[in-house]
Amino acid sequence: MDYRRVIGIGETVLDILFKNDQPQKAVPGGSAFNSIVSLGRAGVPCAMVTEVGGDHIGDMICRYLRKNGVSDDFVHRHSGTKSHITLAFLDEHNDAQYIFYKDHASAALDGELPHIQASDIVLFGSFFAINPAIRPAVRAMLQEAHKMGAWLYYDINFRKTHIADIPHVMENIEENMRLANIVRGSMEDFEYLYNLTNADAIYERVHPFCPNLILTDGARAIRVYSPEGCETYSVSPIETVSTVGAGDNFNAGYIYAKLKGIGDSAARIAMAQRWSQDVCQQLGNNISDALVAQLK
């Protein structure tokens, strides 16, 4: 099948990056947002379903999407509300510790939503995809996508700050897995959700909902589970500038490989790692101009 566009469903924030307690850069971000912007930079037709405030930051975010070739037709603007902000503090290893300034309860998807077709790829995840405040709208989009035969990629990306919400959102998480063609999660995600630290045990838990799982573990090996078994791929060590957006661009690289007709699992993971490592070697959330030029 020739896929015609990628639709991202997720929250959007302004990321402010700090090093040695000093601000270094401010750039629009968010998990699905980072993936979609990188895909847009690579020339892939994309649209983003999200919500932002009716403020200057919201204006910045919409301009940033359009500048990078992503449609902002489904960005829901809310007059009188403030856009979300995230502070990312880089440690001595250039890993980020986050402080979030956002109000999930005030989120709303009350405008136009995309009509998803079989030729679409849908990327969704993080708390946005399970937030009870907008679950009816998100569920309707995902169910339509599943019914139409679109290809759905679910990145769990569950934050420690939401552990107290697990009893209220677990049903949504598992419904998302059931609707997805492939689930991507980290060892950390599943330790938070199921108190599991064994990869095979995690797959046994996920398999009834979705038989295809990509399990990442930071700089350690990547496991790809399918009904045919498990394949393991090592992660090449690199010097990092920032790990912000690493997982998001892993997702984008994997989807890009699929769009290019790459069916081999090893080649898809290699492309995903290439995108992820490119982002880690700069201070920003998206793939570099140099990688974009190589892809073209």
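The values are calculated or read from the model by the stated rules, or taken from the named source; none is laboratory data. Predicted, not measured: the structure shown is a model, and the values here were computed from it. With ideal geometry, Cβ positions are generated from the backbone for all residues, glycine too; neighbour counts draw on all protein chains shown. These accessible areas exclude ligands, DNA and RNA; they are computed on the full protein's heavy atoms, side chains included. Shrake-Rupley method; radii C 1.70, N 1.55, O 1.52, S 1.80 Å.
Ile182 satisfies every condition listed in (1) touching a Cys at 6+ places or on another chain (Cβ under 9 Å); (2) over 17 Å from Ala96 (Cα atoms); (3) open to solvent by 20 Å² or more (accessible area, probe 1.4 Å); (4) not acidic (Asp, Glu) except (3). Mind checking which residues of region 39-71 are surrounded by 23 or more Cβ atoms within 10 Å (Cβ to Cβ) and β-branched (Val, Ile, Thr)? If the condition is that a residue be surrounded by 23 or more Cβ atoms within 10 Å (Cβ to Cβ) and β-branched (Val, Ile, Thr), then Val49, Thr50, Val52, Ile61, Val70 are the ones that fit. Mind listing whichever residues of region 134-172 are assigned to a helix (DSSP H, G or I), closer than 14 Å to Leu193 by Cβ and touching a helix residue (DSSP H, G or I) at 6+ places or on another chain (Cβ under 7 Å)? Selection gives Lys160, His162, Ile163, Ile166, Asn172.
Considering only region 129-142, state which residues are hydrophobic (A, V, I, L, M, F, W, C) and either touching a Pro at 6+ places or on another chain (Cβ under 9 Å) or open to solvent by 10 Å² or more (accessible area, probe 1.4 Å) (or both). Step through it out loud before you land on a result.
Step one: filter region 129-142 for residues hydrophobic (A, V, I, L, M, F, W, C), giving 129-130, 133-134, 137-138, 140-142.
Ala133, Ala137, Ala140, Met141, listed by residue number.
Taking first residues from region 211-229 that are without any contact (Cβ under 8 Å) to a residue 24 or more places away in the chain and partners that are among the hydrophobic types (A, V, I, L, M, F, W, C) and not in a strand (DSSP E or B), the Cβ contacts under 6 Å between residues at least 6 apart in sequence or on separate chains come to Ala219/Val235.
For region 16-38, a tally of residues being of a type outside the set (A, V, I, L, M), surrounded by fewer than 24 Cβ atoms within 10 Å (Cβ to Cβ) and not in a loop (DSSP other than H, G, I, E, B) returns 6. Within region 90-118, the set of residues being open to solvent by 50 Å² or more (accessible area, probe 1.4 Å) and more than 20 Å from the chain's Cα centre (by Cα) comprises Glu92, His93, Ala105, Ser106, Asp110, Glu112, His115, Gln117. Scanning region 126-137 finds one or more residues that are of a type in the set (Gly, Ala, Ser), in contact with a Ser or Thr (Cβ under 6 Å, 6 or more places away or on another chain) and modelled with pLDDT of 95 or more.
When Arg77 is tested against (1) at pLDDT 95 or above; (2) open to solvent by 50 Å² or more (accessible area, probe 1.4 Å), exactly one condition is not met: (1).
Return yes when Ala47 is in contact (Cβ under 8 Å) with a residue 24 or more places away in the chain, more than 29 Å from Gly218 (Cβ to Cβ) and small (Gly, Ala, Ser) and no when it is not. So Ala47 passes the test.
Suppose the filter is modelled with pLDDT of 95 or more, surrounded by fewer than 16 Cβ atoms within 10 Å (Cβ to Cβ) and over 23 Å from Gly30 (Cα atoms); does Met148 pass it?
Considered against the rule, which asks whether it is modelled with pLDDT of 95 or more, surrounded by fewer than 16 Cβ atoms within 10 Å (Cβ to Cβ) and over 23 Å from Gly30 (Cα atoms), Met148 comes out as yes.
Can you find a residue in region 176-186 that is modelled with pLDDT of 95 or more, over 26 Å from His115 (Cβ atoms) and within 19 Å of the chain's Cα centre (by Cα)? Within region 176-186, one or more residues are modelled with pLDDT of 95 or more, over 26 Å from His115 (Cβ atoms) and within 19 Å of the chain's Cα centre (by Cα).
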